[in-house]
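Visitor: Here it is, the structure, as structure tokens.
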Amino acid sequence: AQSVTQLGSHVSVSEGALVLLRCNYSSSVPPYLFWYVQYPNQGLQLLLKYTTGATLVKGINGFEAEFKKSETSFHLTKPSAHMSDAAEYFCAVSGAGGYQKVTFGTGTKLQVIP
Amino acid sequence: SAVISQKPSRDICQRGTSLTIQCQVDSQVTMMFWYRQQPGQSLTLIATANQGSEATYESGFVIDKFPISRPNLTFSTLTVSNMSPEDSSIYLCSVARDVDSGANVLTFGAGSRLTVL
């Protein structure tokens, strides 16, 4: 069984400030981890993913996330927020190997204040 | 990556009616999925639709309520039957890519926002 917990349904940051969106997961098998972003009236887009190898993963638009097995975490960060980063962000987990069901968190809405 | 078109993008429906959502993909894909996105809740998988076989439904979802068709490798429909206000939600079509590498990356359509009065 897998689950994802995203801490904070809404996060506000000032433009230029650090973005930190928290995600903790539970998985009975080695996980694959994902962050998706959803802009208003659009479908979800993949930001980044961790499968194996390097635990620090870089994605699009300057975002990155670090897989910490000991903390069962996969937090999303960006050094400097931009107005265009305002969106909803979803953390997700799946098992590895072939197709595995993907389980999503409840999402975090990021507001960027000018 | 695949481009997914969904329609309608939004609709307002009366209680007791049914609505069919269409999902068109610009390339052939084996696995298609239907998700429901309710406000404040996580995306919930309704069913997996593979061409040439019956859809596989997740716990809490039944074929009579959410019949799915998958006539070919680029198209699927989801019907929401006998709607009630509790069915008001965004319904998302998605496909899996990089399945061979086991990466389980999903591509989503823009969604269909249904409001049931």
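The values are calculated or read from the model by the stated rules, or taken from the named source; none is laboratory data. Source: prediction; values computed, not measured. When we count neighbours, we look across all protein chains shown, and the Cβ atoms used for this are built from the backbone with ideal geometry, even at glycine. Note: areas computed on protein heavy atoms with side chains; ligands, DNA, RNA excluded. Shrake-Rupley method; radii C 1.70, N 1.55, O 1.52, S 1.80 Å.
Visitor: Out of curiosity, is A:Gln38 closer than 28 Å to B:Ile4 by Cα and open to solvent by 40 Å² or more (accessible area, probe 1.4 Å)?
Guide: Judged against the criteria, A:Gln38 is not a match.
Visitor: Which one is least open to solvent (accessible area, probe 1.4 Å), of the residues in segment A:95-114 that are among the small types (Gly, Ala, Ser) and over 13 Å from the mean Cα position of the chain (by Cα)?
Guide: A:Gly95
Visitor: Still on this model: Look at B:Ser89 and say whether it is under 26 Å from B:Thr115 (Cβ atoms) and touching a Lys or Arg at 6+ places or on another chain (Cβ under 6 Å).
Guide: On the way: under 26 Å from B:Thr115 (Cβ atoms): yes; touching a Lys or Arg at 6+ places or on another chain (Cβ under 6 Å): yes.
It is true that B:Ser89 is under 26 Å from B:Thr115 (Cβ atoms) and touching a Lys or Arg at 6+ places or on another chain (Cβ under 6 Å).
Visitor: Now for a separate question. Identify, from the list A:Phe74, A:Phe90, the residue that is open to solvent by less than 50 Å² (accessible area, probe 1.4 Å), of a type outside the set (S, T, N, Q), over 18 Å from A:Val112 (Cβ atoms) and under 9 Å from the mean Cα position of the chain (by Cα). Talk me through it step by step, then tell me what you get.
Guide: On the way: A:Phe90 fails: over 18 Å from A:Val112 (Cβ atoms).
None of the other options fit; the residue is A:Phe74.
Visitor: Then there is this: State all residues of segment A:18-35 that are buried (at least 19 other Cβ atoms within 10 Å of the Cβ) and touching a His at 6+ places or on another chain (Cβ under 7 Å); if no residue qualifies, say none. Spell out the reasoning first.
Guide: Within segment A:18-35, the subset buried (at least 19 other Cβ atoms within 10 Å of the Cβ) is A:19, A:21, A:23, A:25, A:31-35.
Correct list: A:Leu21, A:Cys23.
Visitor: Something else now. Kindly state which strands (runs of 3 or more DSSP E) lie completely within segment B:1-91 and contain at least 3 residues that are without any contact (Cβ under 8 Å) to a residue 24 or more places away in the chain and surrounded by 12 or more Cβ atoms within 10 Å (Cβ to Cβ). Step through it out loud before you land on a result.
Guide: Numbers: elements: B:4-7, B:10-13, B:19-25, B:31-37, B:43-50, B:68-72, B:75-80.
Result: B:43-50.
Visitor: Sticking with this structure for a sec: Condition check: touching a Lys or Arg at 6+ places or on another chain (Cβ under 9 Å), open to solvent by 70 Å² or more (accessible area, probe 1.4 Å), more than 14 Å from chain B (Cβ to nearest Cβ) and on the phi > 0 side of the Ramachandran plot. Does A:Asn61 satisfy that?
Guide: yes
Visitor: Same structure, new question: Kindly indicate whether B:Ser9 is closer than 17 Å to B:Leu78 by Cα and either within 11 Å of chain A (Cβ to nearest Cβ) or touching a Cys at 6+ places or on another chain (Cβ under 8 Å) (or both).
Guide: The answer is yes for B:Ser9.
Visitor: Sticking with this structure for a sec: Can you confirm whether B:Ser59 is touching a Gly at 6+ places or on another chain (Cβ under 6 Å) and at pLDDT below 95?
Guide: Working: touching a Gly at 6+ places or on another chain (Cβ under 6 Å): no; at pLDDT below 95: yes.
No; evaluated as a whole, the condition is false for this residue.
Visitor: A follow-up question, please. In this structure, is A:Leu46 surrounded by 13 or more Cβ atoms within 10 Å (Cβ to Cβ) and more than 14 Å from every other protein chain (Cβ to nearest Cβ)?
Guide: no
Visitor: Additional query: If you go through segment A:86-109 one residue at a time, do you hit one that is modelled with pLDDT of 95 or more and more than 14 Å from every other protein chain (Cβ to nearest Cβ)?
Guide: Within segment A:86-109 (the criterion being modelled with pLDDT of 95 or more and more than 14 Å from every other protein chain (Cβ to nearest Cβ)), the answer is yes, since at least one residue qualifies.
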